[in-house]
Amino acid sequence: MNLPSESLNDDFKPWESEKHFWIGVGEVAILEFIPWALAKWFRTWEDPADNWANVSSDTWWRNLQSGFEYDGDNFLTNNFSHPYHGALFFNAGRANGYNFWESTAFSLTGSAIWEHFGETFRPSFNDWIYTGVGGANLGEILYRLSSMITDNRASGSERVWSEIWGSLLNPVRGFNRAISGEMGQNFDNPEWSRPEDFLITFDGGTRSIDKDGDEKYTSKEVEGLFTMNLAYGNRFKAKKPFDFFGFEFAIASNKPHFTTMNSTGYLFGWELEKNKHRFDVSLDFNFNDLIKEEISATDTTYKGFLFGSTQIFPHLLSSFPIGEKTNLVTRFGINGMMMAATPNDYYVDVEGRTNDFGPGVGTRIYAAIQNGIWNYVSVLYYGAWLWTQSQPDNSKHHIHFLILEAQYPLTKYFSIGFSTGVYWRNSYYDAYSGIINGVEYIREPSEVSKRHPVGRLFFRTAILDL
């Protein structure tokens with residue numbers, strides 16, 4: 001039940017209305033300590049010498065002197081676990097009164113401290129980017145969603161559940177609401193926390209994908225796929241960072257079950273013509289792990305399909321009316337990848353990494369015929385050149401995604417549809433000879449081409465449309 005305005009505590013000052021620097025610093029310290037302590041004292045190590053939490057002044061000094069490298073962690077750790085840790089660092093600032101840009105300094109600093117002082121390993125540059133910048137993307141999304149779910153005007157069980165769900169989404173903010181007493185106060189919700197436009201859709205169906213990518217198309221894999229898409233705010237009305245953001249999350253019946261987590265958030269931009277043309281810059285994050293990696297006992301050929309990136313996307317956003325309520329919406333811009341991951345066809349790190357890391361650049365083109373909440377037809381092309389910086393280096397990759405999707409609404413909130421497309425990759429490997437993590441590695445020059453056709457059938461429902 002929402003209390004009437006006259007029952008609210010007008011004298012209560014919300015925690016986030018002021019900056020609390022030392023509380024934020026203390027929370028960063030706690031977020032550094034917890035994973036370190038779990039690894040040092042609670043994790044069982046077959047060889048105690050492998051315990052990366054056995055840090056000392058000697059390891060700290062060595063890390064400060066040696067500088068950054070690229071680590072050997074697997075794709076899930078680098079492209080999900082690290083960004084989530086960064087999201088917690090970010091909210092140590094955001095939930096203590098700091099804005100988006102100031103809070104990004106918390107995630108970058110928290111990550112740098114961990115890389116230099118939390119592990120015996122040399123600091124990892126890819127971890128710093130994924131944790132610091134990817135954490136800012138995910139952190140602001142979690143901050144805004146938790147602020148939207150938490151209802152300061154509610155009472156009784158409704159208030160209890162709003163606090164529980166808000167804290168699960170954003171533990172740092174939930175902790176601050178508890179210690180500040182906000183959980184027990186009734187006061188107005190911030191105006192920005194309730195966007196004018198908000199849409200959640202769920203869809204279920206099947207996905208077919210060619211596993212080997214060898215252009216013979218004889219290794220088709222069919223799986224069930226459950227996807228959630230979330231759109232917060234209006235692209236054409238965004239003024240502050242993440243006034244608009246989109247978030248996609250997918251689970252598959254086959255392995256890997258956690259297959260997709262993509263997001264985009266408005267950073268800044270300029271309106272060229274009201275509700276028609278804008279030039280915007282967004283901060284995007286991609287996690288796509290579509291085929292389970294398979295490594296044979298006799299060689300190290302990688303047979304999976306993955307792609308991840310943290311990037312900025314400067315682009316021209318346009319809307320062209322083609323009917324009374326129908327518009328052609330387009331986006332055209334540059335993929336500026338600060339860090340990206342794509343398969344290495346030959347190398348498997350002793351710690352589990354099967355992908356190359358590096359910066360990249362490319363183009364993205366999107367067009368959709370839109371009516372209300374439905375995109376009747378949409379087409380996306382995503383291209384990128386990636387230059388490998390991780391060991392073994394001396395390689396580059398040319399990556400393409402092309403996806404066509406169509407759907408037909410049967411009712412106001414229910415549609416059926418299909419999508420078809422292809423992911424293709426051309427990788428160019430120069431000769432390499434060297435020692436990586438104590439293991440000799442030799443590679444002959446080669447070129448590898450992969451083609452993975454993808455098809456999908458789905459039912460989609462909109463469960464929340466504001």
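Coordinate-derived values only; no laboratory data. Note that the coordinates shown come from a computational prediction; the quantities given were computed from them, not determined experimentally. No Cβ is skipped: glycine too gets one built from the backbone with ideal geometry, and neighbour counts run over all protein chains shown.
Structure data summary
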item: Listed peptides 185-194, 21-30 by packing density, highest first (mean Cβ within 10 Å); result: 21-30, 185-194
item: Inter-centroid distance (Cα atoms) of the stretch 167-192 relative to the stretch 21-85, Å; result: 29 Å
item: Amide proton proximity set for Val361, modelled H, under 5 Å, gap of 5+; result: Met337, Trp385
item: FRET efficiency, 1/(1 + (r/R0)^6) with R0 45 Å, evaluated for Lys13 and Asn371 via beta carbons; result: 0.50
item: Neighbour net charge for Thr330 - beta-carbon separation under 13 angstrom, K R +1, D E -1; result: +4
item: Total formal charge among the other residues, if their Cβ is under 13 angstrom from that of Val133, Lys/Arg +1 and Asp/Glu -1; result: -3
item: Backbone HN-Hα couplings from phi across the stretch 396-410 [Karplus 6.51/-1.76/1.60, Hz, Gly and Pro as x]; result: 8, 9, 10, 10, 9, 10, 9, 9, 10, 10, 9, 8, 10, x, 7
item: Cβ crowding within 10 Å averaged over residues, with 260-268, 397-405 ranked highest first; result: 260-268, 397-405
item: 24 Å Cα-Cα threshold exceeded, pairs from Lys325/Lys412; Lys220/Lys396; Lys237/Lys325; Lys220/Lys255; Lys216/Lys292; result: Lys220/Lys396
item: Value at 222 nm in deg cm²/dmol, rounded to 500, when DSSP H runs of n ≥ 4 in the chain each add -39,500 (n - 2.57); result: -6500 deg cm²/dmol
item: Residue-by-residue Karplus 3J(HN,Hα) for the stretch 230-245, coefficients 6.51, -1.76, 1.60, Hz, glycine and proline x; result: 10, 10, 10, x, 10, 4, 7, 10, 5, 10, 10, x, 6, 4, 10, 8
item: Distant-in-sequence amide H partners of Glu69 (H built 1.01 Å from N, under 5 Å); result: Ser124, Phe125
item: Whole-angstrom gap from the stretch 253-292 to the stretch 424-450, using each part's C-alpha centre; result: 31 Å
item: Computed FRET value (nearest 0.05) for Glu324 with Phe198, which takes r as the C-beta separation and R₀ as 22 Å; result: 0.35
item: Percent RCO, i.e. relative contact order, over the stretch 108-165, from Cα pairs under 8 Å lying at least 6 residues apart; result: 25 percent
item: Per-peptide average of other Cβ atoms within 10 Å, ordering 80-92, 366-378 highest first; result: 80-92, 366-378
item: Kyte-Doolittle mean at least 1.0, axial Cα span of 15 Å or more - DSSP H helices of the chain; result: 21-37
